[in-house]
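Novice: Please read through the structure below; I'll follow up with questions.
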Amino acid sequence: MASLTFLGAVGEVTGSRYLLEYYGAGREHRWLLECGLHQGGPDADRANTEPFGKLASELDGVVLSHGHLDHAGLLPKLVREGFNGPIHCASDTAELLDIMLRDAAFVMAKDIEWDNRWRRKAGKPLLEPLYELDDVERTLTLCVPHDYGQMVSLGGDASLVFRDAGHILGSAIVELGVPAGGRQRRLVFSGDLGNSESVLMHPAEKLRDADVVLMESTYGDRNHRPLSETLEEFAEILEEAHAAGGNVLIPAFAVGRTQEVLYHLSALYHQGRLKQQRIFLDSPMAIRVTELYARKKAALNRDDLKVLNVAAQGDPSQYLPGLRLTRTMEESMAINRIHGGAIIIAGAGMCNGGRILHHFRYNLAKPSTRVVIVGFQAAGTLGRALVDGAERVKVLGEELTVKARIHTLGGFSAHAGQRELIGWIGAFRNTPRVYLVHGEPGAQQQLQAALVDSGIRAEVPTYGDCITL
């Protein structure tokens, strides 16, 4: 008997977590597939504080699809509560986790320190961080990296293979072989499937055989615009901002989106279409990730890199000469003295923290400002409020009037659109049971209906549902 229980990313995009249980080699085995952070407001914060309980000490290990925090951000909390098993992931994911989890612990400590200042004054109980740097250090020692296509034994006659998901560096489709009812059952988790038009990444691999498939559905309700149209709109936004004398703010996810935006800014520069001479990458984590991408060129799309190399005549320093990396808080604060003509790329991608908030304080109320949204904004986040047209928002405790123009460029998404999702699931030769995860209810319902039109039946699980494999 083998089963899978849905413990996260059901009816929402974040908080990925699934419990796999099976009997093999004379005992029960328990593996956690993903251990993601919930993102999107007070409800998400409460969900993150829920203890793992006895599960933390009972797990055989964790299998991870990739390094984004909504898939891996609670690993140190799991370790803090007693987990000490292996964390299987793709090789590049292990290196990304070293950056992302350390940054998450640092940011969390700063946020807690800030919140506890007024809590002390108000006589309220002080907050504790979900985890600290020591927990991150222990977590990183548990990571077991693997190459794509490498067969890994999980014990109890179960196996694991990672396939390239084309989403970010190290992102993987997870293929599990699990003993059930006297035979091997194949469970496939899509992880986050990449947008085929995204630069730097390879196309997501298509698998042919599975008994059960968990497929993401983030953009299950839409197709992305062609990249050529997105790039033209991006260029026009930058041109308008320059003419209006304002700054361009780009809340960017440190992994994937930042590197793609920099790539396209470089292309516009070499085409003579980028008038802004000052481009700031104002995110210490995004800077470290960008440096990692530069070291990992062999894992990236050669054709895309060739375009940059030809334009810059083989000199990486000429990819984007106006780029300035602001690592320190003092350098970040100095940007706010620039009242126009700059492009500022800063985290966090969903505007739920990070340096982008400080730039909002100085720029959001100006009609000349352009805010360019380049990734998915989860319900409950500040980014989602801006996308939905909020006229006033609260930023760092201050009410701000939104006079800046907000632009959403879905074509820069790192996720597959509806057409690509249907194409990926349609590649399976048999008829696997399909479950839609990682999507908001509206997107999942529309994808479910579109799949029916393609002759594919899919179910939408709810929290706590348990299925047999």
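The values are calculated or read from the model by the stated rules, or taken from the named source; none is laboratory data. Predicted model only: the values in this text are computed from it and were never measured. Glycine also receives a Cβ, built like all others from the backbone with ideal geometry; neighbour counts cover every protein chain displayed. Areas reflect the complete protein model, heavy atoms only, side chains present, ligands, DNA and RNA absent. Shrake-Rupley method; radii C 1.70, N 1.55, O 1.52, S 1.80 Å.
Novice: Listed highest first by mean packing, meaning other Cβ atoms within 10 Å per residue, what order do 214-221, 385-392 come in?
Specialist: Ranking the peptides 214-221, 385-392 by packing returns 214-221, 385-392.
Novice: Can I ask one more? Going highest first, how would you order 232-245, 447-460 by mean Cβ packing within 10 Å?
Specialist: Ranked from most to least packed, the peptides come out as 232-245, 447-460.
Novice: Which percent of the accessible heavy-atom area of the chain goes to carbon and sulfur, probe 1.4 angstrom?
Specialist: With neighbouring chains kept in place, the figure for the chain is 50 percent.
Novice: Counting only C-alpha contacts under 8 Å and six or more residues apart, can you give the relative contact order of the chain as a whole percent?
Specialist: Averaging sequence separation for qualifying contacts and normalising by length gives 19 percent for the chain.
Novice: In addition: Based on the Cα atoms of the stretch 175-276, what semi-axes does the equivalent ellipsoid have, where each is the square root of 5 times one gyration tensor eigenvalue, given in whole Å with the largest first?
Specialist: 41, 12, 12
Novice: Next question, about the same structure. Past the 16 angstrom mark, what percentage of all C-alpha to C-alpha distances in the stretch 111-175 do you count?
Specialist: 68 percent
Novice: Ok, one more. Tell me the angle of helix 284-295 to the major Cα principal axis of the chain, expressed in degrees between 0 and 90 and rounded to the nearest ten.
Specialist: 70 degrees
Novice: Can you find, among L169, Y269, A90, the residue sitting farthest towards the positive end of the charge dipole of the chain, where Lys and Arg contribute +1 and Asp and Glu -1 at Cβ?
Specialist: Farthest along the dipole direction, towards plus: Y269.
Novice: Here is a further query. Loop-only chymotrypsin sites (Phe, Trp or Tyr not before Pro) in the stretch 99-167, please: DSSP not H, G, I, E or B, and at most 13 other Cβ atoms within 10 Å.
Specialist: The qualifying sites: there are none.
Novice: Going down the list K366/K394; K206/K297; K121/K366; K206/K296, which pairs span over 26 Å between their C-alpha atoms?
Specialist: K121/K366
Novice: Given the whole protein assembly as supplied and a 1.4 Å probe, what does the accessible area of M108 come to in Å², nearest 10?
Specialist: 30 Å²
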